[in-house]
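A.B. asks: Let me begin by handing over the structure; questions about it come next.
Just so you know, all these numbers are worked out from the coordinates, no wet-lab data involved. All of these numbers come straight from a predicted model, not from anything done at the bench. Because the Cβ atoms are built from the backbone with ideal geometry, glycine has one as well, and the counts that use them run over all protein chains shown.
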Amino acid sequence: MNHHLQRAVASVLSPALLCACLAVSPAIAGAQPPAPPSAKDAGARFGQALGVLEICHGSTLTGKAKSLGEAFTGADQVAFKAEAAKVYQAWNGVKACANQSDPNQCKIIMDKSCAAAEAEIGASGTAVPGLVEFMKR
């Protein structure tokens, strides 16, 4: 998903739903191998990985995730950290979800966000594989 479409989606969706809609896998977009992520894209995936730790039971951060930001310096490092913080904050919004009229809605959002993250950044992820390990169910 390009940055303009992400922003359009973000302006319409609540932060809780944004997590599950962050990106479309490059593998889905075409047959070309994925290019190395930009600082902003890598930051978004790192923020997603940190958010997964907050709400997805049995998840662990991998060494690949821990070293993801090391390739960036200067303005790119600033962009990486800013995007990671923004996405992590959205995941914290999911964690803090409170809907007294239908508390099951929060659980559903969390489950869908975890499933999407596993598909994107889990061991066989379609976006940036291997950032987070998920406990076997």
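A.B. asks: Set the Förster radius R0 to 22 Å, insert the Cβ-Cβ distance between residue 124 and residue 71 as r into 1/(1 + (r/R0)^6), and round the FRET efficiency to 0.05.
C.D. replies: Values: r = 23 Å, r/R0 = 1.04.
Here the calculated transfer efficiency is 0.45.
A.B. asks: Tell me, what ³J(HN,Hα) does each residue in region 103-116 have, in order and in whole Hz, if you take phi through Karplus 6.51 cos²θ - 1.76 cosθ + 1.60 with θ = phi - 60° and put x for Gly and Pro?
C.D. replies: The phi angles translate into x, 5, 4, 4, 4, 5, 4, 4, 4, 5, 5, 5, 4, 5 Hz.
A.B. asks: In which sequence would 124, 101, 59 go, from the one with the fewest C-beta neighbours within 10 Å to the one with the most? Could you put the intermediate results ahead of the total?
C.D. replies: On the way: 124 8, 101 5, 59 19.
The fewest-first ordering by Cβ neighbours comes to 101, 124, 59.
A.B. asks: Run the numbers for residue 86 and residue 98: contour at 0.36 nm per residue of separation, minus the present Cα-Cα distance, in nm. Working shown, then result.
C.D. replies: Details: separation 12, 0.36 × 12 = 4.32 nm, distance 2.02 nm.
So the extension gain works out to 2.3 nm.
A.B. asks: Compute the length gained on full extension between residue 57 and residue 133: take 0.36 nm times their separation in residues and subtract their Cα-Cα distance, giving the result in nm to one decimal. Write out the running numbers ahead of the final one.
C.D. replies: On the way: separation 76, 0.36 × 76 = 27.36 nm, distance 1.08 nm.
Extra length from residue 57 to residue 133 when fully extended: 26.3 nm.
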